[in-house]
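Beneath this line is the structure, given in structure tokens, with notes to follow.
The values are calculated or read from the model by the stated rules, or taken from the named source; none is laboratory data. Only a predicted model underlies this, so the values are computations on that prediction, with no experimental measurement involved. Heads up, the Cβs are rebuilt from the backbone with ideal geometry, glycines too, and the neighbour counts pull from every protein chain shown.
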Amino acid sequence: MDLHIDGARLLRRLDELALIAPITGPNGERGNARLALTDEDRAGRDLVVSWMRDLGLDVSVDGIGNVIAVMTGHPGVAPVMTGSHIDTVATGGRFDGNLGVLAGLEVIESVIEAGIKLERPLAVGFFTDEEGARFAPDMLGSLVYAGGLGLEEALDIVSIDGARLGDELEKIGYQGGAPCPGPAPHAFVELHIEQGPVLEIEGFRLGAVTGVQGISWTRVTLSGQSNHAGTTPMQMRRDPAAAMIRMGAALQEIVADVGSPQVGTIGSIELKPNLINVVPARATFTVDVRHTDERTLRDVERRLRVEMERIAAEHGVELSTESLARFEPVVFDERVVSLVERAAIERDLSVMRLPSGAGHDAQMMARLCPTAMIFTPSRGGVSHNPAEHTDDDDLVAGCQVLADVMLALTVNAWMEE
Ligand code: HGY
Ligand code: MN
Ligand code: MN
């Protein structure tokens, strides 16, 4: 089946969704800020759901707010599914997540327009709180969909701004009745921007993603004693900020010692009372460490723990940690990965295999069915930044290959390989 998607329509929808909760980068770049379960997220959801309904798709909302739209006319037949997310970080770009959802919509609209009769329906969805920036962990909606976290436990998660997830979901009107965990699709493939520099540096048009690296998120709280910044001699202080800074240095040293692809990030820091002339009472910060190899990731976590305990003791501060997310590396289904490769080659698009540095909903859907991902290049490897950019022809090429892979997945030929 040779289906041609309408690239102009895809680009138009990306522009239209980008008008919801727009932000401007330091050099005038256009991005978005639609943190999960905010009014901005609701507005984005409402727009995409209206496009799903305009196509006559069967739209369902589940208990955690995941929205799945399926082509009608195939009762009881598991769909070939695609999807991603439309929530963003606070300094989001226009493509992270949005591309995968709108490309899926474009594939389905093109199939309907062409009147192609399929053995299996196609489905496209967006998952709740993929970013995890407001409510941890990330990929929360797809984790619940895949049965990795109970619905009630998820609804009780409290955000960084003190809100309960279930209350926020109800407030935006997206607490649906469809069951969690959700039904397993026949197969799942997600189109996403790479968000890293590899495709651009290596000079490839597309990526056939082989899996997702392991992710470990921890919130660290150090409790000391607030005191006068001028009168308190250094040896009498129990200063959590001083300890935190040394722990940050220890993280950098451990990551440098392990070497690439190990990464480590302290993305958020909070001091109490956070005043210039007060030795802080408390320091709270988050640690994000990732690696493609589980043993290495565990070793980094262990080494960092030892260093943090040693430094806390030297400063006389109390150390407490809370795990916010912990996902082992995921390997995608070789049959689907090679389908992605073949589809790209058949479209004369250069393609390379690579693991994903970022987390994605596909890593959760891989628990339910044969799954893989398609990457498009990110200019300068920049993402989670309004400067995030992918060229139009790469966006369209990614959507075209998504269409080819989804159609191939509807016929069982690929399963026997
Ligand atoms: O954190 C991640 O990798 C993704 O952006 N949620
Ligand atoms: Mn994403
Ligand atoms: Mn992201």
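Things to note:
- Matching helices (runs of 4 or more DSSP H) fully within region 115-186 where at least 2 residues are of a type in the set (D, E, K, R) and either crowded, with 21+ Cβ neighbours inside 10 Å or touching a Gly at 6+ places or on another chain (Cβ under 8 Å) (or both): none
- Entry remark, region 47-63: residues being closer than 23 Å to Ile157 by Cβ and under 20 Å from the mean Cα position of the chain (by Cα) number 3 in total.
- Just so you know, in region 73-97 the residues that are more than 10 Å from ligand 3 (Cβ to nearest atom) and part of a strand (DSSP E or B) include one that is nearest to the chain's Cα centre (by Cα), and it is Gly83.
- Residue match in region 142-154 (condition: assigned by TED's automatic domain parsing to the domain that holds Ala69 and either within 16 Å of ligand 3 (Cβ to nearest atom) or at pLDDT below 95 (or both)): yes
- Residue match in region 109-121 (condition: in contact with a Pro (Cβ under 9 Å, 6 or more places away or on another chain), farther than 19 Å from His360 by Cβ and without any contact (Cβ under 8 Å) to a residue 60 or more places away in the chain): yes
- Hey, Thr218 more than 21 Å from Cys399 (Cβ to Cβ), surrounded by fewer than 23 Cβ atoms within 10 Å (Cβ to Cβ) and free of Cβ contacts under 8 Å to residues at least 24 places away in the same chain or not: no
- Residue list for region 221-245, filter: surrounded by fewer than 17 Cβ atoms within 10 Å (Cβ to Cβ) and not polar (S, T, N, Q): His228, Ala229, Gly230, Pro233, Met234, Met236, Ile245
- Scanning region 278-299 for residues that are outside any loop (DSSP other than H, G, I, E, B) and more than 16 Å from ligand 1 (Cβ to nearest atom) yields Val278, Val279, Arg282, Ala283, Thr284, Phe285, Glu294, Arg295, Thr296, Arg298, Asp299.
- Qualifying residue in region 4-16 (condition: out of contact with any Asp or Glu (no Cβ under 9 Å at 6 or more places or on another chain) and in a loop (DSSP other than H, G, I, E, B)): yes
- Per-region count, region 230-277, residues assigned to a helix (DSSP H, G or I) and among the hydroxyl-bearing types (Ser, Thr, Tyr): 0
- Every residue from region 367-382 that is within 16 Å of ligand 1 (Cβ to nearest atom) and either without any contact (Cβ under 8 Å) to a residue 60 or more places away in the chain or surrounded by fewer than 24 Cβ atoms within 10 Å (Cβ to Cβ) (or both): Gly381, Val382
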